[in-house]
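Written below as structure tokens is the structure these notes are about.
What follows draws every value from the coordinates through simple rules; no lab data is involved. Computed from a predicted structure; not experimentally measured. Cβ atoms come from the backbone with ideal geometry, glycine included; neighbour counts cover every protein chain shown.
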Amino acid sequence: MPHPYVLLSAAVSLDGYLDDTGPERLLLSGPADFDRVDEVRASVDAILVGAGTLRADNPRLLVNSPERRAARLAEGRTEYPLKVTVSGSGELDPAARFWHTGGEKVLYTTDEGAERARVLGIAADVVPLGAELDWRRLLEHLHAARGVRRLMVEGGGLIHTQLITQGLADELQLAVAPLFVGDPEAPRLFGPGAYQGGRLRLTGTRQVGDVVLMRYEPTAPGTGPLPSAADHHWLALACELAALCPPSATAFSVGAVVVAADGTELARGHSREGGDPVVHAEEAALAKADPTDPRLATATVYSSLEPCARRASRPASCVRLILDAGVRRVVTAWREPDTFVEGADGSGVLESGGATVVVLPEHEDRAKAPNGHLLGR
Ligand SMILES: NC(=O)c1ccc[n+]([C@@H]2O[C@H](COP(=O)([O-])OP(=O)(O)OC[C@H]3O[C@@H](n4cnc5c(N)ncnc54)[C@H](OP(=O)(O)O)[C@@H]3O)[C@@H](O)[C@H]2O)c1
């Protein structure tokens, strides 16, 4: 089930705090950065904050610029993004500004929390998600029932920590403010948790007034059948690599990337790479990886097209090469059509060999794009 694109947004002090412990909200951003945040808000379908932030800050979470609101309306969107909050307890102030400003509101909660919210008279669409709150179900519901494609998450720390450790954040936009908090009782951006092992990808930096904005993408593949946000990024890269293939009338253009469990790229390749007229993408990528690298056992292969199970041009299929390399997780965008091989079913053969195959059809059109001439397009 598809999720919205999840953008985490936060401002922190130089020592990594989200706030101080005083009764007023600590202003970390300056005017230019608040305006940047307003611009991001205007670009999304929904804004989410946790109940802790509602209780601590009593925020409105509006798009403040009339021009940006007018532009949203002109594009046929709602004047304000949907406002979303999350509370297990349902213990919320019904008079909080969140409920009485802006457009529509949704409260995701537990069965028990929904009961409490109803008693309190919370002015929102109250969605109970069972005995416990499950982030994947919440994101699926926002996508399917509310049409949310881009979700901005504005904290607090508990929410950010869960979304990043569960591999559900597509992007982190972090503004670092030139001040210290120095109080260990103050809330931190990220709390303890099982974070990805390796490095995130830095995708941009910018000075905004006196704060520095940094943008990061998580890189760690999902585990087993559960896709992570980073799976989508890597598969998108495989689709970009497919576009580099010299076109052929007798073979597909495919891109592949091999990624370790901690998010480190081990190798990449594409069909017909380096002047070899028959090399396949997975084959080209795996040939660059060290076959004794222990990280292959927990790595993921991303391939824009399902790996081949049978081929005439080489003794070993890509499925065989993947299994022999020890890789046990494959993410692909597109099941192989019968164009060249009938009933290819590389995914089925991989699964029989003990690998998990995850198909993300959201990327199928991109995977097909460089193959239009073979598909009668
Ligand atoms: N600098 C910034 O950019 C920024 C942005 C936002 C917030 N903040 C600061 O962050 C602080 C608040 O952060 P916080 O970590 O205390 O709170 P939070 O992350 O805003 O919200 C935590 C609350 O959300 C609900 N929740 C979260 N995950 C849940 C789950 N899996 N199941 C059920 N309920 C769940 C719970 O509500 P219930 O308790 O109702 O069950 C939980 O207490 C404030 O000081 C605020 O000023 C700073």
Open item on the list: Test of understanding: what is the full-extension gain from residue 15 to residue 131, defined as 0.36 nm times their sequence separation minus their Cα-Cα distance?
Closed with: 38.1 nm
Open item on the list: Only bridges whose two residues both fall in the stretch 229-374 count here: according to DSSP, what percent of them are antiparallel, nearest 5?
Closed with: 55
Open item on the list: Averaged across orientations, what area in nm² does the convex hull of the alpha carbons in the stretch 314-369 project?
Closed with: 4.3
Task: Distance histogram for the stretch 284-377 (every C-alpha pair counted, 10 angstrom bins, percent rounded to whole numbers) - done: 16, 47, 31, 6, 0
TODO: For every helix of n ≥ 4 consecutive DSSP H residues, a contribution of -39,500 (n - 2.57) applies; sum these over the chain, divide by its total residues, and give [θ] at 222 nm rounded to the nearest 500 deg cm²/dmol.
DONE: -8000 deg cm²/dmol
- [ ] Would you please classify the overall shape of the stretch 5-217 from the alpha carbon gyration tensor, given that a ≥ b ≥ c denote the square roots of the eigenvalues, rounded means a/c under 1.5, and beyond that prolate means a/b larger than b/c while oblate covers the rest?
- [x] rounded
Task: Taking the C-alpha atoms of the stretch 21-122, convex hull volume expressed per residue in Å³ - done: 103
Task: Computed Rg/Rh of the stretch 44-93, alpha carbon atoms with Kirkwood Rh - done: 1.08
Open item on the list: On a straight-distance basis, which lysines could pair with residue 105 in a cross-link, Cα separation under 26 angstrom, same-chain partners fewer than 8 positions away excluded?
Closed with: 83
Open item on the list: Can you work out the Karplus-derived ³J(HN,Hα) for every residue in the stretch 251-266? Use 6.51 cos²θ - 1.76 cosθ + 1.60 with θ = phi - 60°, whole Hz, and x for glycine or proline.
Closed with: 7, 6, 9, 9, x, 9, 9, 10, 10, 6, 4, 8, x, 7, 6, 9
Open item on the list: Can you give the FRET efficiency to the nearest 0.05 for residue 32 and residue 78, using r as the Cβ-Cβ distance and R₀ = 30 Å?
Closed with: 0.70
Task: Whole-Hz ³J(HN,Hα) from phi, Karplus 6.51 cos²θ - 1.76 cosθ + 1.60, for the stretch 299-315, glycine and proline x - done: 7, 10, 9, 9, 9, 4, 10, 2, x, 6, 9, 9, 8, 8, 7, 9, x
TODO: Mind telling me which of 120, 62, 54 comes out most flexible in a GNM of the chain, alpha-carbon contacts under 10 Å?
DONE: 120
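Could you tell me the convex hull volume per residue, in Å³, taken over the Cα atoms of the stretch 221-359? Walk me through the intermediate numbers first.
Details: hull volume 13.0 nm³, N = 139.
Looking at the stretch 221-359, the number lands at 94 Å³ per residue.
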Open item on the list: Test of understanding: what is the full-extension gain from residue 118 to residue 100, defined as 0.36 nm times their sequence separation minus their Cα-Cα distance?
Closed with: 4.9 nm
TODO: Sort the following peptides by mean Cβ neighbour count (other Cβ atoms within 10 Å, averaged over residues), highest first: 72-82, 154-164.
DONE: 154-164, 72-82
- [ ] Mind giving me the nanometre distance, one decimal, between the label points for residue 314 and residue 342, set 7 Å out from Cα along Cα→Cβ?
- [x] 2.6
Task: Sorted peptide list for 183-189, 288-294, criterion being average Cβ within 10 angstrom, highest first - done: 183-189, 288-294
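So what is Rg over Rh here for the chain, counting just Cα atoms and using Kirkwood for Rh?
1.03
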Open item on the list: Per q in 0.21 Å⁻¹, report the Debye log10 I(q)/I(0) for the stretch 203-283, using one uniform scatterer on each alpha carbon and no solvent.
Closed with: -0.93
Task: Pairwise label distance in nanometres, residue 369 with residue 195, each label 7 Å out on the Cα-Cβ vector - done: 3.3
Task: Fully extended contour minus Cα-Cα distance, from residue 288 to residue 202, at 0.36 nm per residue - done: 28.5 nm
Task: For the stretch 116-272, radius of gyration divided by Kirkwood radius, i.e. Rg to Rh on alpha-carbons - done: 1.06
Open item on the list: Using the Karplus curve 6.51 cos²θ - 1.76 cosθ + 1.60 with θ = phi - 60°, what ³J(HN,Hα) values do you get for each residue of the stretch 122-135, in whole Hz, with x for Gly and Pro?
Closed with: 5, 7, 7, 6, 8, 10, x, 10, x, 5, 10, 8, 10, 5
Task: Separation of alpha-carbon centers, the stretch 337-377 and the stretch 52-76, rounded to whole Å - done: 42
- [ ] Mind checking which of 312, 346, 250 is farthest towards the positive end of the stretch 229-374's charge dipole, using Cβ charges of +1 (Lys, Arg) and -1 (Asp, Glu) about the Cα centre?
- [x] 312
